[in-house]
Structures are given as structure tokens and as C-alpha cells.
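The values are calculated or read from the model by the stated rules, or taken from the named source; none is laboratory data. Note that the structure is predicted; figures quoted are calculated from it, not measured. For neighbour counting, all protein chains shown are included, and Cβ atoms are generated from backbone atoms with ideal geometry for every residue, glycine included. In case anyone asks, the SASA skips ligands and DNA or RNA and just uses the protein heavy atoms, side chains included. Shrake-Rupley method; radii C 1.70, N 1.55, O 1.52, S 1.80 Å.
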There are 2 protein chains.
Amino acid sequence: MERKEVMKRLKNMGTEVVEELETGNSPSIEVPVRTLSNIKFNEELQQLELGASTSKRSFMNVGQSRKFMQTMLIAAWLEKDLVGKGLHTSLRDMYYALKRTIPGTKENTFEDQHSESDPIIVDLETSLGALREELHLNADVRGRVVGNVVIEDRGDTVNWAKLGSGGWSIPSNVEDITIKSVDAEYILLIEKNAAFERLHEDKFWKHENCILITSQGQAARGVRRLANRLSTEFKKPLYVFTDCDAYGWYIYSVIKWGSMNLAHVSDKLGTSQAKFLGLTMTDIEKYELEGYTIRAKDMDVKRAKELLEYPWFKNELWQTQIKLMIKKGYKAELEALSSKGLRFITKTYLPEKIQAREFLP
Amino acid sequence: MERKEVMKRLKNMGTEVVEELETGNSPSIEVPVRTLSNIKFNEELQQLELGASTSKRSFMNVGQSRKFMQTMLIAAWLEKDLVGKGLHTSLRDMYYALKRTIPGTKENTFEDQHSESDPIIVDLETSLGALREELHLNADVRGRVVGNVVIEDRGDTVNWAKLGSGGWSIPSNVEDITIKSVDAEYILLIEKNAAFERLHEDKFWKHENCILITSQGQAARGVRRLANRLSTEFKKPLYVFTDCDAYGWYIYSVIKWGSMNLAHVSDKLGTSQAKFLGLTMTDIEKYELEGYTIRAKDMDVKRAKELLEYPWFKNELWQTQIKLMIKKGYKAELEALSSKGLRFITKTYLPEKIQAREFLP
């Protein structure tokens, strides 16, 4: 979305409130409900999304007036001081920038970031239909990328194939990046940085003509959005490679279908055509990695049982894998493949799986 | 150190053991002692370092033979499969690559990474006098950098001034990077990524002609080594900018004087000419940030009292700051400066402090 459009929506929100005030009504805004009851899985689009329920936040309601004030304060600041000035910042900086004692009272605008100012940004994302990044609020930064891709960013032309061992640090906000050219067959998104470094050192992305991304754990918004943009704008398959445990599989789940917390932006942050490459429980048997597994803890089994119940994991292939984990009582890390030799992942495991298209949906 | 030299030292270790075996003696190796009793603060060099105590690890001693076997196994693998083949990997991958059941026994080479294989790498670093990176074992990767610096890395020429919003992702191992040119007055190393993004967006590094690094929390080895190389090889002052709390100050302490865990490599990972730029308790008063401080928890006060006792913090300026924190009972984050406006840090705080050379030692 263009900055102009974001500004217009912010302004409209304010104008409507002023108009209500002028007619003598209590001003209010409509905010989509974000509780579990209003989160649906859209089978057709293969993504989590918000239902139609909304709630009113009203100025003249004692229970809502503080939140209403905070929403207006943030929206006005976004319009005037952040988006309006072309600046970007973090949620924490925003909290500090807006925290103060309201003159003539002992009331502070905010007492706490996580319970007060953060949720209002999600409210604004949903009610304005604008990404947090489009509101110029940066998220955590984590993850890096290499491959035959040329981008333009802040006036610089950056070739991800020419960045040495480091690679390009994926920023928190990739909205304003122009992707100039993509010469790759597919995108490989890897949970673990160590595996990324192995593949990068072995020039896997050159030989296989692919883009390598590491999320370094749970994928930050920047990584998810970048994978989405590369995959949808350039029609490239996205393969996800995580540990064989409920945590790794959930990382995949968020990359593909979106997350419950951010169900309102699954279309931008989720990539529904993503496929799961590994590690699977079947891999462990096939490649004889049993000696390198880790005993599953109660927590792992509990999480696996939760995955079993998610509608998006309700297909035979995933149910088989998850049940197998619960039955065997073990999990495995990507690094277990190193027991076959450091280059096993580069020379055997990945080429074999990709060649055979041995993916989970 | 050249790869050839590392290979030679690894080979020598093996040759000595073989010679002892051939003369019928129990083979052994000398390993520097790394307990607190053997860690000293070198006033002159301004760095933590190991004392002269060593201990013998002997094959024919029942209490040491397992560790001796593990040391030999790792050293041989480093020589033959890792450094010898020009590959790099992580500690976790090494653990998996070397874990197996010894034929004819029920004994595994390793049962646990953190208590068994990891410490042996530190032993080898100390006894061989080679950095872990020179042994081709990568550490965690975290941190990014921008500025007028051109490097050569794996055949690519990378200009840190031309990398858009992302910047260059600092790899875990910066030993093999050739720094071609540095056009900067100083290096500014920032704990928080959000402040780095603010300064980068404001083109602070262009206007002030400096190099910006963010460690994103405690500085990873790659960040510490890169700061050391830039500062010592190119004679550039290094200024460190952290939160005003015991944790932030300890980040500075590790960057400048080294850490107790890695006292044997302080000369490579520490930068003794580093200066502390902020945040200080005095800053909080001067810039009227009291309303944006956070109450110190018991843990914060306990850590602050520990800092007071470290020999390297035993100077009047630091003692005053630490005592002030304990007395006032609060701490503050970098983001507190945003209460003065998002660009206060770029326009006022940093230029003023650097201009006035208002540093702590």
C-alpha cells in the first residue's frame, strides 16, 4: 500500500471521530474482534483469517474511554510524526515517545507497553487494513538471505549473490524494497543458521540455483513477508526446512498458514503455497538417524497433540508424522544429519528430497 | 593465524602423543587451567587473561582417560575433516558428527554437547593458542553493520555503504575477511537494534562519517572480533552505546576487557581502547529522563554490586555511576531518549556527547 493511502486512512479515522463529536454523539471506532472465536481457517485460501465480528470502542463508555484515548493518541502520532514525516521506529520507542502524564491529572497516557500500546497497533492494523510495517512500526530483526536476486533499497542496488559469507541482513520492514530480478528455481527457508552456513559455504544456492534464507528460529515478520513477496510476486516455490519437532513444525505452520495472533495479515505474511521439506519422522528412519534423536519431553508431546487438532494439519500425511512422533517419543534436530558427514545435507539429503519432490503439504 | 599454522599445531599435538606412546609412557597433554583462580586482570594491557597454571590430561589416569580420548578424537577430526578440508561448522554439528558408540563397547564417544564436547574446544583454543574460528568452528551469528568500509570475502567485494536498509549481516567468523578500506572517524557499537535502525534511517553514519554496528544484545564473537579488527588494524576509536543497566554495562565490559569465560582470547575479542558513550545515570538527570526509567529489580542491584567489585570497574567514574544506580534504584533503556522525540538521539544526544568527548573509561 502506498504511503498516501495509509495517510488517508489515518486521516479518515480522525475525521469520522471529529464529525461524531460535532453532531454531539459519543465518538467511537469499530475494531475487528481478535479473540479465538473470531479466527477461522479458510480452506480455500489455505490461511488463517479473522471472521466478521467487530466491537465498538466508545469514548463515552467508562470501560473503554482510556483505550479510546490511547487509540486516538497513537493514530494521531502515526499520521503526524511517524508516517507523515517518513520516519520508522519500534513499538518500544513509540511507547516512550507517547508516554506522559496528562496535564492537570495524575493519569499517564500509558503505564505499560505490552498490555497497552502494543495491542493498539494490532487494532489499528486490523481496522485500517494496513500492515504494521505500512504504519512504519518496525518489528524484531532476525534472519539473512543469499541468492541470485537484485534489489533496490534506499537508493542502493544490492545483489544478494555478492555479499561474501555474511549475506544480506533481512530488515524488519521489507515493504519499500523493490525486487528487481530473481534468478532462482525455488526458495529454501531454513530454521537453523548452522545449516544455512553449511549450504552457503558449499555454494548450494549457486549449484542448485535457489535462494537461501535462514529465519534463525521462529521467523520474524521481515522474513515471513520477504518469503511471501519472493514466492508470490515471482511465482517461486517455497520449501521449508526445520527441526523434526513440534516447535519446528509450528515454524512451518506460521510461514505457510499464518499465526493466530496475526490472523488479520495472513495474506501478507503467510505463503500458502509453501511446502515442508523436512525433517520428518520418516527421514529419521530412512536415513538411520535414530541414534541421534532426542527424547521428547512432556511439553513436546503436549505441543504435538495440539498440532494434531489444528484444522490445517488435518491431512493424512501430517497426521501420520505427528502421531509417529508421539508414538516413538523422540525428536531430532537438523544437525543430526551431520552424523552422516558434514556435507551429507548438501550432497545427498536436500538434492534427493527436492528431486523426488518428497514434501509434506 | 594462517591455516597452515593451525594444521601444524594440531599435527604437533598428535605427534607428541604418538611419541610418548612409542616410548611406552602414558601420553598426556597440557591444558591451561581456566578456573577463576587462574584468571587475572592485566592492568597494563587492560584485559582479562589466563595465568600460567596448567593441568595435565593423561590417558592412563582413570579420571582423565575419557576426556583425553574426546580431546584426541576432536583434534584428529579438526585436522583431517574440518580445517584440513577447508570446511567450517558449528559446535552442535561437530557433536553430532563425532557422536557414536565405540565398537565393541557400550560406551558413546559423547553423551552431551554442553558438558562434554563444547568445553574441549575451549581447551584446544587455549592449548593450541588458536581461536575457535581458526579451528573453523563457527559461533552464534547476530549483529549487523553499515558504513564506509569495503571488504573482500569469499571472492566478493562488499561495500557496507551500499546495502540498503538491511546492512551487512556479521558472520560468526570474520577471520578470513580482508578489510580493504575504512573511511570513518570512529566506530559506534550499539546494543539495541532499534537505535541502530533509527541512526541508519537518519544516515547518521554518512553525516558523522562513522561505522555503525549493532550487537543486538550481548555481542556475539563475530561482532567482538570485527570491532577489534576495525579498531586495532585501522586505529579507529570504538564507542559503545548500551542501556543504562548492569546488563548493558556488562556488554561494554566484555567488548572492552574480555570475558572470564574467554579470558584466553581477550587480545583478539576484546578492544581495550573502547570507551563507554552512554547511557549513564548522569545522562538520565541531565536530559531529564527520570519519568522514563524502570525500577531496578533485586537482580539488577545484585548485578550492579558485582560490577562494583570487578577490578576493571575500579575507577572513580564507573564507581560513581554504579553507586548512583544502586542509590536511585532505577535503570533506563536507550529507547527512553525517544521521549525527547524520535530524532533526539541523532540530532542532539550522540553529537553532543561525542563532541564533548563525554566518555567513561
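Under the combined filter of DSSP loop state and at most 14 neighbouring Cβ atoms within 10 Å, the range B:210-269 retains these trypsin sites (Lys or Arg not before Pro): B:Lys235.
The stretch between B:Ser55 and B:Lys302, if pulled fully straight at 0.36 nm per residue, gains 85.6 nm over its current Cα-Cα span. Extents of the protein assembly as shown, largest first, come to 102, 68, 46 Å (Cα atoms, principal axes, whole angstrom). Surface burial for A against B, with a 1.4 Å probe and both sides summed, reaches about 4200 Å² of accessible area.
The calculated Kirkwood hydrodynamic radius for the range B:1-121 is 16.3 Å, given to one decimal from all distinct C-alpha pairs.
Aspartates and glutamates within cross-link reach of A:Lys297: Cα-Cα under 14 Å, excluding same-chain residues under 8 positions apart? List returned: A:Asp245. Take peptide A:84-95, look around each residue's Cβ out to 10 angstrom, count Cβ atoms belonging to other protein chains, and average those counts. Shielding by partners across A:84-95 averages 5. The calculated Kirkwood hydrodynamic radius for the range A:297-336 is 10.6 Å, given to one decimal from all distinct C-alpha pairs. Helix-only arithmetic for chain A: the sum of -39500 (n - 2.57) across DSSP H runs with n ≥ 4, divided by the residue total, places the mean residue ellipticity at 222 nm at -10500 deg cm²/dmol. Here the Kirkwood formula, the inverse mean of 1/r across different C-alpha pairs, assigns the range B:144-355 a hydrodynamic radius of 17.6 Å. For the set A:Arg144, B:Arg3, B:Arg9, B:Arg92, the ranking by accessible area, highest first and with no ligand, DNA or RNA atoms included, is B:Arg3, B:Arg9, B:Arg92, A:Arg144 under a 1.4 Å probe.
Given the options B:Ser266, B:Ser231, B:Ser338, state which has the largest fluctuation in a GNM of chain B using a 10 Å cut-off (strictly under) for Cα springs. Maximum fluctuation in the GNM of chain B, among the listed residues, is at B:Ser338. For A:His114 and A:Ile179, the FRET efficiency from 1/(1 + (r/R0)^6), where r spans their Cβ atoms and R0 equals 22 Å, is about 0.05. Using the Cβ-Cβ distance between B:Met69 and B:Thr282 with R0 = 45 Å, the FRET efficiency computed as 1/(1 + (r/R0)^6) comes to roughly 0.25. Suppose R0 equals 45 Å. What FRET efficiency, 1/(1 + (r/R0)^6) with r the Cβ-Cβ distance, do A:Arg154 and A:Glu309 give to the nearest 0.05? Once the sixth-power term is evaluated, E becomes 0.50. Assuming charge only on the beta carbon of Lys and Arg (+1) and of Asp and Glu (-1), the dipole of chain A about its Cα centre is about 480 debye to the nearest 20. Residue order by solvent-accessible surface for A:Lys327, A:Lys80, B:Lys180, B:Lys192 is A:Lys327, A:Lys80, B:Lys180, B:Lys192, largest first, with ligands and nucleic acids left out and a 1.4 Å probe.
In the structure shown, the pairs A:Lys162/A:Lys236; A:Lys180/A:Lys203; A:Lys85/B:Lys286; A:Lys256/B:Lys162; A:Lys323/A:Lys347; B:Lys302/B:Lys327 are assessed against 24 Å; a Cα-Cα span above that value is assigned to A:Lys85/B:Lys286; A:Lys256/B:Lys162; A:Lys323/A:Lys347. Heavy-atom accessible surface of B:Arg343, to the nearest 10 Å², is about 100 Å², with a 1.4 Å probe and all protein chains retained. Label separation (B:Ser37 vs A:Lys206): 5.2 nm, computed from points 7 Å beyond Cα along the C-beta direction.
Extending 7 Å from the Cα toward the beta-carbon at both A:Met260 and A:Val62 defines two label points whose distance is 3.3 nm. Across B:Leu307, B:Leu45, B:Leu212, mean-square fluctuation computed from a Gaussian network of chain B (C-alpha pairs under 10 Å connected) peaks at B:Leu45. Subtracting the Cα-Cα distance of A:Glu352 and A:Lys4 from their residue separation scaled by 0.36 nm leaves 120.5 nm. Look at the stretch A:157-164: the mean tally of other chain Cβ atoms within 10 Å of its residues' Cβ atoms is 6.
Put +1 on the Cβ of each Lys and Arg and -1 on the Cβ of each Asp and Glu in the protein assembly as shown; which of B:Ser55, A:Trp249, B:Ala296 then has its Cα farthest toward the positive end of the dipole? Of the options given, the answer is B:Ala296. Counts of other chain beta carbons within 10 angstrom of each beta carbon in peptide A:329-342 average 4.
For chain B, the pair-distance distribution built from all alpha carbon pairs, in bins 10 Å wide starting at 0, is 5, 22, 28, 22, 14, 6, 2, 0 percent. Here, the range B:156-197 yields an orientationally averaged convex hull projection of 3.9 nm² when only Cα atoms define the hull. Restricting attention to the protein assembly as shown, close to 65% of DSSP beta bridges with both partner residues there are antiparallel. A simple spin-label model places pseudo-atoms 7 Å from Cα toward Cβ; at A:Lys85 and A:Arg100 they are separated by 1.3 nm.
Here the accessible area of the protein assembly as shown is 50 percent carbon and sulfur, with a 1.4 angstrom probe and all protein chains present.
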